Structure formats: C-alpha cells, structure tokens
Amino acid sequence: MAEENANLEKKLGPWMLWGLGVGYVISGMYFGWNLGLEKGGTYGMAIATFFVIIMYITFTFSYAELAVSIPKAGGAFDYARLAFGERLGFVAGFSQAIEFVFAPPAIAYAIGAYIHTFLPSVSVLSIAIVVYFLFTALNIYGVKTAASFELVITIFAVIELLVFAFVCLPEFEMSNLQKNPLPHGYSGVFAALPFAIWFFLAIEGVANVAEETINPQKNILIGFGSAIASLVFLAILTFIAAVGVSGWEDIVFEKPGSLPSDSPLPLALGKVVGKSHFLYHMLVSIGLFGLLASFHGIILAAGRATYELGKENFAPPFLGLIHSRFHTPARALLVNMIFGILALFTGKTAEIITLACFGALSLYITSCLSLLQLRKQKPELERPFQVPFYPYFPFIALSIAIVSLLAMVYYNVFLFIIYLMIHLFFYSLYRYFSTRKANENT
C-alpha cells in the first residue's frame, strides 16, 4: 500500500491555498458559533469574537513566518521541535493532531443533520460515517484533486454566505442586538471563547501542505494573508446579519425551551423569507458546501500532521509512509478516520468542539513560543517573510491564547482533564517505543 521512498508531490499554488485556508474554517460560519450566544449573549459573543480576531490576525502572520522558514508537513510539530527539542515538539504536534482529528467529527455530525432533513429515513450517524469514508478516499486519491475540489466547494460556500447577508441585512435592526445582550454577565465573554475560536479554527492547516506547495516561501504567505482577510470579513458579516434579524435567541433555539440548534443561518433566514421560500431551501442545500469544505479540508491537513509524527517516530512509524501510487499519507488518513468515527458515536458536538479548541490553543501557544525562541536561537535561519511589528504580534497572540486557554479550563475542567489524559497516554506510548528502539539500537 505504501513505500518509504515515496514523496509528497508539489502541486499547490496560491489560489488553491486560499481555497484550503478558507475552506478549513468556513463551516464555522454555518454552525457551532451560535452556541456561544447561549453562553454570552450578543455582547458576550461579540467581545469574545473581537479578541479572537485580534489573536488570529497576529497569530496568522507569526505562524506564516515559521511556515515559510520551515516548510514542513508537520507544521507546529516541526517548529517546536527545532526550537525546544523533542518533548515540546511532541506537545505541539499532538495538540495539532487532537485539533485536526476532533474537529471533523463535529462537522460530520452537522453534515449528517443537514442531509437528514432531505433523507429522514437515514440516520444522522449513518450519513456522517458514509461522508467520512467518501472524503477520506478522495484525500487518498491525490492532493491536487482534493485541493481542486476544496476550491470549488469553498467558492460555493462563500457565495452562499454573501447571498445570506444580502437577504438578511435589509431586515437588520440595532435593537435586535440589544435583546438580552449579557444573559450571564461579563463572565459569559469567557464562556463564549471556544465558540468564537470556532469561527477561525484550523486556518493554520495551510502550513501543513507546505511540502506540497509550489514555491512555498512565497505562496504560503499569500495563502495565509488572503485567507485570514476573507475570513474576518465573513465572520463579522455573518454575525451581524444573523443576530440582527430578530435577536440571538432566535438563532440558538428553534422554539422556546428547545435544545440549542446547529443551524443558525436557516433559523435567521426563516424569519425573513419563511421556510417555504426558495431562498430558504437554497441556503439549506448549498449551505452543505460550507460544511463539506471544512470537513474535507481539515481531513487533508490532519493527514499531513499525523504523517509527520509517524515519519519522525513520534507516532507508530507506519503512519509516516506515503502511498506509492497516489503520493498521499494514506495510512495516516485512515487512522484519523477511525478515531473520528469513534468520536462521532459520542454525539457530543459542543464537547468535541471544545476538545478541538484545547488542541488549537495549545498549538498557538507553543508556536508563538517557538517563533520567539528561534529568533534568539537561530538568527541565521533563512526567513523569506518576517512577522510585522515583532515582537508585539507574537506576544499579543500568545497573551490572548493563554487567557483563552485558562478561561476554557475554568469552564470545562472535566473536558480539560480528558484532554490531558489523551496527551499523557500517547506521550507514554511515545516514550515507551522510543526507549525500546534506543535500547535495540544499542
């Protein structure tokens, strides 16, 4: 199935990187973020999103410096390993793996819920599992095919968000933003943080295709810059258009007393045009592209992250093999799929999102520290791009990420314990096998 001497192929240009960068994230505009409104109301979620936008802008430019200087598939794993050695390298790499492995199940469940509305006889879980198999197979087939498909569905998803805003903004009223704006006081700002992060989660996956990018020193920067600009615009537009129609509660609860909904945009559009209007059905139909774009894109990035861990013997070595025909990390993709499907069976979307956010914030913290360390430790490292306003940008990103992580721990102690246990379990395996290999070599 795979050979050690096969290599990843360079086939990606800047346009495809924009598609991947936006595609990784765009499902966050379609679902998940509205759960933060339940925690913080309009003001709480807005304040959380404001600081998260600052974090992502400063982090993205900081991460871009690392990505163009060290264009490796492992991303944060390779940066932290070079800066601090194997232990922090493992923490960064496995945090990245947790983020990329746990984000797709949440999205897959939402895809299943969307399709279930058209095929009510088929369960949400069954649809989600079938989608997992189909998109894992597509990623195994080839990176150029996968990235081209990602670009097409991302463009459809962006157009659909613009249509949604065009329809809803004429009904916008400032008073709707002031309905019960802080239901839990200012503490709701901190509780809303993981869902504000969900707006932008996984944009860093652009760095994981560096080894498959044509002229990565130039095109990775273009991909990051164009993607973050597009995403900030779309996040603000979607937030204002959705909440401004009739208040936050109407895009969280389908009816009073019901469970929080995973479909905020259809709920908002239903208030404007009604559920029988063709625009409503178009949103529900084409809105699926936004979910598919992120699901497919994160699977692609996750395969590269897991592959690099295996290649460098930080995970079972068979994960670091490349398919001899398709030149893709097929085994890493299949193993990620198995873990993703297992997570699906929990049915805990909000909890899965939170675990993915723990991984993301750990990645952001270790990456910013790596940037600061490498500037001191390796001043001779070739840096085709340098983060502007150094050291302020990485310090700002680092500070907001640390505060966000502490706030998430405070509100999700049990989930954080699970997160640490996952880290400790796999770190123990890594130490066991690395020690065993060292003894065998001796």
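Given the structure, is Gly287 assigned to a helix (DSSP H, G or I), of a type outside the set (D, E, K, R) and more than 16 Å from Pro264 (Cβ to Cβ)? No; evaluated as a whole, the condition is false for this residue.
Report those helices (runs of 4 or more DSSP H) wholly inside region 1-94 carrying at least 3 residues which are under 17 Å from Gly310 (Cα atoms) and open to solvent by less than 20 Å² (accessible area, probe 1.4 Å).
Details: elements: 14-25, 27-30, 35-69, 76-84.
Helices (runs of 4 or more DSSP H) meeting the threshold: 76-84.
Screening Phe133 on (1) touching a helix residue (DSSP H, G or I) at 6+ places or on another chain (Cβ under 8 Å); (2) surrounded by 15 or more Cβ atoms within 10 Å (Cβ to Cβ); (3) within 27 Å of Lys11 (Cβ to Cβ) shows it passes everything except condition (2).
Scanning region 150-166 for residues that are aromatic (Phe, Trp, Tyr), open to solvent by 10 Å² or more (accessible area, probe 1.4 Å) and more than 30 Å from Met337 (Cα to Cα) turns up just one, Phe166.
Taking helices (runs of 4 or more DSSP H) as the structural unit, those lying wholly within region 319-423 and holding at least 3 residues that are crowded, with 23+ Cβ neighbours inside 10 Å and hydroxyl-bearing (Ser, Thr, Tyr) correspond to 349-377. Checked against the criterion of being under 28 Å from Ile298 (Cβ atoms), assigned to a helix (DSSP H, G or I) and either of a type in the set (Val, Ile, Thr) or under 26 Å from the mean Cα position of the chain (by Cα) (or both), the candidates Leu201, Leu161 yield just one match: Leu161.
Annotation: of all residues in region 103-130 being touching a residue at least 24 places away in the same chain (Cβ under 8 Å) and β-branched (Val, Ile, Thr), the one that is surrounded by the most Cβ atoms within 10 Å (Cβ to Cβ) is Ile107. Quickly run through region 249-284 and pick out the residues that are of a type in the set (Gly, Ala, Ser) and either touching a residue at least 60 places away in the same chain (Cβ under 8 Å) or touching an Asp or Glu at 6+ places or on another chain (Cβ under 6 Å) (or both). Residues satisfying the conditions are Ser261, Ser263, Ala268. Of all residues in region 186-198, those satisfying the criterion of being part of a loop (DSSP other than H, G, I, E, B) and surrounded by 15 or more Cβ atoms within 10 Å (Cβ to Cβ) are Ala192, Trp198. Note on region 357-396: residues that are under 17 Å from Ile197 (Cα atoms) and among the acidic types (Asp, Glu) amount to 0. Taking the criterion of being at pLDDT 95 or above and among the aromatic types (Phe, Trp, Tyr), the residues of region 228-268 that qualify are Phe233, Phe239. Residues that are farther than 15 Å from Thr49 by Cα and of a type in the set (Val, Ile, Thr) within region 159-191 comprise Ile159, Val163, Val167, listed in sequence order.
Does Ala315 fit the bill of being assigned to a loop (DSSP other than H, G, I, E, B), surrounded by 24 or more Cβ atoms within 10 Å (Cβ to Cβ) and of a type outside the set (D, E, K, R)? So Ala315 passes the test. Residue count for region 63-120, restricted to those that are over 27 Å from Leu398 (Cβ atoms), more than 20 Å from the chain's Cα centre (by Cα) and of a type in the set (Val, Ile, Thr): 2. Looking only at residues in region 206-225 that are open to solvent by less than 40 Å² (accessible area, probe 1.4 Å) and among the polar types (S, T, N, Q), the one that is nearest to Phe61 (Cα to Cα) is Asn219. Residues that are surrounded by 14 or more Cβ atoms within 10 Å (Cβ to Cβ), of a type in the set (A, V, I, L, M) and not in a loop (DSSP other than H, G, I, E, B) within region 167-185 comprise Val167, Leu169, Leu177, listed in sequence order.
Taken together, the residues in region 229-247 that are within 24 Å of the chain's Cα centre (by Cα) and either open to solvent by 10 Å² or more (accessible area, probe 1.4 Å) or free of Cβ contacts under 8 Å to residues at least 24 places away in the same chain (or both) amount to 8.
Does Tyr427 satisfy being buried (at least 18 other Cβ atoms within 10 Å of the Cβ), touching a residue at least 60 places away in the same chain (Cβ under 8 Å), closer than 20 Å to Gly89 by Cα and aromatic (Phe, Trp, Tyr)? Judged against the criteria, Tyr427 is not a match. The test for being in contact with a Ser or Thr (Cβ under 9 Å, 6 or more places away or on another chain), part of a helix (DSSP H, G or I) and either farther than 30 Å from Glu212 by Cα or not hydrophobic (A, V, I, L, M, F, W, C) (or both) holds for Tyr114. When Ala147, Ala97 are screened for being over 30 Å from Leu405 (Cβ atoms) and surrounded by 23 or more Cβ atoms within 10 Å (Cβ to Cβ), only Ala147 passes.
The values are calculated or read from the model by the stated rules, or taken from the named source; none is laboratory data. Predicted, not measured: the structure shown is a model, and the values here were computed from it. All Cβ positions, glycine included, derive from the backbone under ideal geometry; neighbour counts span all protein chains shown. Heavy atoms of the whole protein, side chains included, go into the accessibility calculation; ligands, DNA and RNA do not. Shrake-Rupley method; radii C 1.70, N 1.55, O 1.52, S 1.80 Å.
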